[in-house]
Amino acid sequence: MFSPEMCLWMIPFLPLLGSVIIVTLGRRMFPDRCHVPCIAGAIGACVCAVVVFVGVISETTPLRFGREIAWIQVGNFSANFSLRADGLTAVMLVMVTFIGSLIAIYSAGYMEVDESYPRFFAAVSAFLFFMTGLVLANNFVLLYACWEGVGLCSYLLIGFWYEKPSAAAAARKAFLVTRLGDIGLFIGILILWHNFGHSLEYDDIFVNVKAQYDAGVLDHNLLYWACICLFIGAAGKSAQFPLHVWLPDAMEGPSPVSALIHAATMVTAGVYLVARCTPLFGLAPDAQLLVACTGGFTALLAALIAVTQTDLKRVLAYSTLSQLGYMFLALGSGVVVGEHKLAGLAVTAAIFHLFTHAFFKALLFLAAGSVMHAMHDVIDMTKFGGLKKVLPITHWTFLCGAAALAGIPLLSGFWSKDEILATTYEAWHVSGGAASGIYCLLFFTALFTAGLTAFYTARAYFMTFHGDEKLPPEAGEHPHDATPIMAWPLMILAVGAVGVGIVLGPTHLFESVLEKKWITAQFAHLASPHSTNLLLMVTSSVVACIGVGIAYWLYVADPSAAASVASRMASIYDLSRSKFYFDEIYELAVVWPMNAFAFICRVVDQYVLDGLVDLFGQVPAVFGYLVRPVQNGLVQFYALLMALGLAGFLLSVLLR
Amino acid sequence: MTHPYATQLFDLFKHLGPEMTLIVFACVLFVAGLFRADRAAWSLLAVAGILAAFFVLAISPRPQVLSGDSVFAVPLVFDALGNFTRVLALSTGIILVLLAWDEVPERHVADHHACLLVIIAGVNLVGCSNDLVTLFLALEMISIPTYILLYLPKHDDAAQEAAIKYFLLSVFSSAILLFGFSYLFGLTGTTNIAAILQTLHNAEEIKASQGLAQIAMLTIAAGLGFRITAVPFHFYAPDVFQGTSTSGAAFLSFVPKVAGFIAILRVFGFVLPAGVTTPAERSLVGLGLSDQVPILFWFLAALTMTIGNLLALLQDNLKRLIAYSGIAHAGYMLIAVASAPYLSGPDSATSGVAAVLFYLVAYGTMTLGVLALVLMLHRDERPVENIDDLAGLAQSHPYLAILTTALLLSLIGFPLTMGFTGKFLIFFGAMAAQGPTHLWLYPTLAVIGVVNAAIGAWYYLRIIAVMYLRASAKPIETPGTITCLIALLVCVIFTVALSVPPGASWLMNVARQAAVR
């Protein structure tokens, strides 16, 4: 029963069951206990994920399930319900279900029991189903289906408070922008299917591409475009420039949703996709360069915006953008030049950062949610301050997360960010020509962004918890700290944010799981051994400390300095504050023309097409009226018509 | 001197167990009904009779052995198609007993169920018949009890008019059918279907007697067309459905269609009994004659679905609507019949015939399910006659509304329902058929079918819209009759479960085996 193969399908099934129970029974029978099936499903899935993880470590080949269950079969197109677990999947599964369980528990305390309480937990459970399915899928069709599924759940949860116009608009924006990326993903899948063996199973495609490459018949142009299309999908889901605009707005959803979907899990699906397709990207260096540039640029851009935001959750959202950019930067740096094969190093770095980021970013969002709870939904950092004493648990846990994000040495963010910097550094040194210059630029961008990250994280922390105690009027006299059900997940995540890096990073545990159970098995031809770069570690530590130091100087030691610095750099400051006017540019360049086009379409549709359709719609009815008198109820007439009908048929045959 | 085929003929009785069981139970019911009127007891006895027939069918002896040319002598063949028909007819019988359980007046229950058992035995025999006389007798074994069945549950004017109408036109169609049979006999000198088909496949004789054979085939198609409600032999359906009881309408909507389509498959040689050999150059089934027979079915299909759908659009009365919808669905099945001879590939015509059988099951589950709902909700003080009477069902009985929606979506042909899978098989079969004279003949038929499916969607969706979007001034009360609920549930479960693998592939396999020539 509990063999790892069985657990594979139990992982998505248990949250699905939870969701179905909540939808069918929960609303009527236990409306105020709807978190129970959700939490039970998540924890059950987590246990199964651990079993799968152990199974993956002990097995030599990837676990598989249901290769033979046909789902769609039309002509030579076929898609199976096949699941697989290798090193990458196992790591993702453990992360998703563990964080998911903690956040589900936290939500039970965070969400107020009201009419929509069941709706929230049903959607969260459904999300866990789709997310684990996405990670477990063994082919592109199932991946795509789950990809859309998580998008749907994200839409439902961002717009959870749909009475708020801003929440409804944010949900729509998120859905539409990610759908834009999904078109790319779909086209990419079609290209892969059409050109690389008419199969959608990962292994078939990868083996086919490798075989064509070895035989020298690979169409590099085609592979490049396939990779670009896949990356467009990934960029939509993971909010990379220029499709990044939806993620900050998505913070309109409840804080646990921001933590689960828009920080720890769903937004990393794009990173997962590109990592999963490393065997493709590794053979398309131009596509890799584009991935790296997009990642590096998004990291810098988002960090610059985060520096001036005053909404605590938005700071965290832009920081998520920036960190996702880091991951893509790492993935894009996995170049293969002669003997230097960096792909293995690159995906390990990216997935390691994804893993640690999930811990500390989920923690930060949950802590921000706790602040929001105490401040009665006020989240503007200028309206409160000095909450250190008022919210001690929130303060300490937030501090853990912020320090990890800032890259303070020995905490988890430090180790993973360092690996990314090391990868880019290597890419700069091994690649030649123009690529070398670009990777050099990207390396220094990343280093600078690391400093910015430390600065804005520290700024958010100092503004919220230090300085004079200041409470917004909405919060009342005695704001309360996190209740135990909220505090425990915070503390567990805090321990993870502090310790997970040092346990898995320098000991090479994480690396060994990914390399032995996935990379070596699948694309050894793209990976070669590598070493640690001590100098880099010291440099990044120094940069992080400088960032924190500046923030301390500006927001604690000399609070007036912040304003004077801002006024001195007014133009840049305004640019950052207004998010580089991306929303306005999109409004003018995309939304307005689209609206105009939609208006024209509507006019044509309403007055031209509708008329035509109505006309066609009337045709059957008119014919019906014409035939109707025949049905006059007289039996002799019916008999006559039957005989006439037969006579007609006979005549038509005999007179032919 | 003994008859040369004495053993084979005597062996037939060993295989007739299920039918004999049904008749025995029918006799018991006829007699017992004289002494006591007991709804529950006689209904249970009828169900027990059908289950007993199932049991006998399950334990019936090894397959029939037809050595040498004995297939040209025996009047009954017990092949896969026969067994498919028997299982289908027996299952339908149980559903129909459940539907009639509470509707028939208590003093007529025994007679009603007895007639039903005889009819089911008749359908079984149609499925197994290999002789024109046997086939005709089996068909009459369905028709004659039907007249009684229509008359028993309701005695008002409308019901009597319906029963009389059905009686007159049914007799008329039987006469036409018999006329066609007599031509076939005259042409070939035998009433054995296998022998007739073998003779007609012989090239020289066809040339000589092509015209006569065509008249025979046309007349037989017209006679059977009455049973499958093919236009222009469909006129009785709406009037009779509306006038008779709901369980009677349920019966008429499905059982004659099963008998009619199976008879068509047998007589026209779509399914050949083992032993008949066809020359390679005329390997197309169903036409040892010419291209005329498929073309005939082509026209029947196009006419039937179009007229059925167009007239259904105008209906407000639920049972009339079901009648026209039944006509339209018969048209869809005729598409598969028409295209079956021209399907090429490894399993050729089998897939076309299998599509007919598949769709027959699909049509039965959806239509019987919808009528079960009507039966459940109908009360004399709060009748459910028109579409508007279903208004507000979603508020008063949300679960019933969902079940009904599933059935209606299946009738539309929505994915994840049997209606979709069945239409998919039929339309794709027609697209793949290589017509004889004109390349686009069969794809055109598929297009006509798709357009018709779109028209059909309109009136089924209208029912869904009424259930969900309109409120009722007088809400529907608590539905009674648990038996109808069971029937409805079974129909919905089958509709969904048999629409996707493994259910769909299982049924498709069974149908293919039944269609093997």
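The values are calculated or read from the model by the stated rules, or taken from the named source; none is laboratory data. Values in this document were obtained by computation on a predicted structure and should not be read as measured data. Ideal geometry is used to build each Cβ from the backbone, glycine not excepted, and the neighbour counts take in all protein chains shown.
B:ALA221 falls short on exactly one of the conditions (1) farther than 30 Å from B:ALA110 by Cβ; (2) assigned to a loop (DSSP other than H, G, I, E, B), and that condition is (2).
Would you confirm, using the coordinates I've provided, whether B:ILE176 is touching a helix residue (DSSP H, G or I) at 6+ places or on another chain (Cβ under 7 Å), more than 10 Å from chain A (Cβ to nearest Cβ), buried (at least 21 other Cβ atoms within 10 Å of the Cβ) and in contact (Cβ under 8 Å) with a residue 12 or more places away in the chain?
Details: touching a helix residue (DSSP H, G or I) at 6+ places or on another chain (Cβ under 7 Å): yes; more than 10 Å from chain A (Cβ to nearest Cβ): no; buried (at least 21 other Cβ atoms within 10 Å of the Cβ): yes; in contact (Cβ under 8 Å) with a residue 12 or more places away in the chain: yes.
Spelling it out, it is not the case that B:ILE176 is touching a helix residue (DSSP H, G or I) at 6+ places or on another chain (Cβ under 7 Å), more than 10 Å from chain A (Cβ to nearest Cβ), buried (at least 21 other Cβ atoms within 10 Å of the Cβ) and in contact (Cβ under 8 Å) with a residue 12 or more places away in the chain.
When region B:468-494 is filtered for residues that are of a type in the set (Ser, Thr, Tyr) and in contact with a helix residue (DSSP H, G or I) (Cβ under 8 Å, 6 or more places away or on another chain), the ones remaining, listed by number, are B:TYR468, B:SER472, B:THR481, B:THR483.
State which residue is nearest to the chain's Cα centre (by Cα) when the search covers only region A:580-633 and only residues that are hydroxyl-bearing (Ser, Thr, Tyr) and within 24 Å of A:TRP246 (Cβ to Cβ).
Looking only at region A:580-633, we keep the residues that are hydroxyl-bearing (Ser, Thr, Tyr), and these are A:581, A:586, A:607, A:625.
Then drop every residue that is not within 24 Å of A:TRP246 (Cβ to Cβ), which leaves A:581, A:586.
Details: A:TYR581: 24, A:TYR586: 22 Å.
Here the answer is A:TYR586.
Can you tell me which residues in region B:29-67 are part of a loop (DSSP other than H, G, I, E, B) and out of contact with any Gly (no Cβ under 8 Å at 6 or more places or on another chain)?
Scanning region B:29-67 gives B:ARG36, B:ALA37, B:ASP38, B:PRO61, B:ARG62, B:PRO63, B:GLN64, B:VAL65, B:SER67.
Evaluate region B:458-467: report whether one residue or more is in contact with a helix residue (DSSP H, G or I) (Cβ under 8 Å, 6 or more places away or on another chain), in contact (Cβ under 8 Å) with a residue 12 or more places away in the chain, surrounded by 18 or more Cβ atoms within 10 Å (Cβ to Cβ) and among the charged types (D, E, K, R). No, that holds for no residue.
Residue-by-condition table, conditions (1) within 30 Å of A:MET111 (Cα to Cα); (2) out of contact with any Lys or Arg (no Cβ under 8 Å at 6 or more places or on another chain); (3) in a helix (DSSP H, G or I):
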position: A:PHE444; (1), (2), (3): no, yes, yes
position: A:PHE448; (1), (2), (3): no, yes, yes
position: A:GLY451; (1), (2), (3): no, yes, yes
position: A:HIS478; (1), (2), (3): yes, yes, no
position: A:LEU490; (1), (2), (3): yes, yes, yes
position: A:VAL500; (1), (2), (3): yes, yes, yes
position: A:GLU515; (1), (2), (3): no, yes, yes
position: A:ALA521; (1), (2), (3): no, yes, yes
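Taking region B:222-264 as the range and being within 14 Å of chain A (Cβ to nearest Cβ), of a type in the set (A, V, I, L, M, F, W, C), touching a Ser or Thr at 6+ places or on another chain (Cβ under 8 Å) and under 21 Å from B:ALA158 (Cβ atoms) as the test, the residues that pass are B:ALA237, B:PHE241. Residue count for region A:346-360, restricted to those that are hydrophobic (A, V, I, L, M, F, W, C) and within 15 Å of the chain's Cα centre (by Cα): 6. Set side by side, the residues B:TYR324, B:TYR363 differ, and just one is of a type outside the set (A, V, I, L, M), within 14 Å of another protein chain (Cβ to nearest Cβ) and touching a residue at least 40 places away in the same chain (Cβ under 8 Å), which is B:TYR324. Taken over region B:302-321, the criterion of being out of contact with any strand residue (DSSP E or B) (no Cβ under 8 Å at 6 or more places or on another chain), more than 8 Å from chain A (Cβ to nearest Cβ) and either part of a helix (DSSP H, G or I) or crowded, with 24+ Cβ neighbours inside 10 Å (or both) is satisfied by B:ALA302, B:LEU303, B:THR304, B:MET305, B:THR306, B:GLY308, B:ALA312, B:LYS319, B:ARG320, B:LEU321. Of A:ASP610, A:ASP583, A:ASP614, all but one fail to be within 14 Å of chain B (Cβ to nearest Cβ) and acidic (Asp, Glu); the exception is A:ASP614.
A search for C-beta distances below 6 Å between a residue of region B:494-517 that is farther than 18 Å from B:GLY364 by Cβ and any residue that is modelled with pLDDT of 85 or more and not in a loop (DSSP other than H, G, I, E, B), counting only pairs 6+ apart in sequence or on different chains, returns B:ARG512/B:ALA354; B:GLN513/B:ALA80. Restricting attention to region A:504-513 and to residues that are surrounded by fewer than 23 Cβ atoms within 10 Å (Cβ to Cβ) and in contact with a Phe, Trp or Tyr (Cβ under 9 Å, 6 or more places away or on another chain), the residue that is nearest to A:TYR110 (Cα to Cα) turns out to be A:LEU504.
Taking region A:113-149 only, how many residues are outside any helix (DSSP H, G or I) and closer than 30 Å to A:ARG28 by Cα? First the steps, then the outcome.
Looking only at region A:113-149, we keep the residues that are outside any helix (DSSP H, G or I), and these are A:113-116, A:137-139.
Next, from what is left, pick out any that are closer than 30 Å to A:ARG28 by Cα: A:113-116.
The qualifying residues number 4.
Hey, among the residues in region B:232-244 that are more than 16 Å from the chain's Cα centre (by Cα) and surrounded by 24 or more Cβ atoms within 10 Å (Cβ to Cβ), which one's farthest from B:LEU149 (Cα to Cα)?
Narrowing region B:232-244 to residues more than 16 Å from the chain's Cα centre (by Cα): B:232, B:235-236, B:238-240, B:242-244.
Next, only the ones that are surrounded by 24 or more Cβ atoms within 10 Å (Cβ to Cβ) stay: B:235-236, B:238, B:240, B:243-244.
Values: B:PHE235: 20, B:TYR236: 16, B:PRO238: 17, B:VAL240: 13, B:GLY243: 13, B:THR244: 10 Å.
The residue in question is B:PHE235.
Tell me, please, whether a residue that is free of Cβ contacts under 8 Å to residues at least 40 places away in the same chain, in a helix (DSSP H, G or I), more than 14 Å from chain B (Cβ to nearest Cβ) and out of contact with any Ser or Thr (no Cβ under 6 Å at 6 or more places or on another chain) can be found in region A:634-650. Explain how you work it out, then say what you get.
First, pick out the residues of region A:634-650 that are free of Cβ contacts under 8 Å to residues at least 40 places away in the same chain: A:634-650.
Narrowing further to those that are in a helix (DSSP H, G or I): A:635-650.
Now restrict to residues that are more than 14 Å from chain B (Cβ to nearest Cβ): none.
No, because not a single residue in region A:634-650 is free of Cβ contacts under 8 Å to residues at least 40 places away in the same chain, in a helix (DSSP H, G or I), more than 14 Å from chain B (Cβ to nearest Cβ) and out of contact with any Ser or Thr (no Cβ under 6 Å at 6 or more places or on another chain).
Scanning region B:144-170 for residues that are without any contact (Cβ under 8 Å) to a residue 24 or more places away in the chain and among the β-branched types (Val, Ile, Thr), we see that the one that is farthest from the other protein chains (Cβ to nearest Cβ) is B:ILE144.
Determine whether A:ILE393 is over 22 Å from A:VAL307 (Cα atoms), in a helix (DSSP H, G or I) and in contact with an Asp or Glu (Cβ under 7 Å, 6 or more places away or on another chain).
yes
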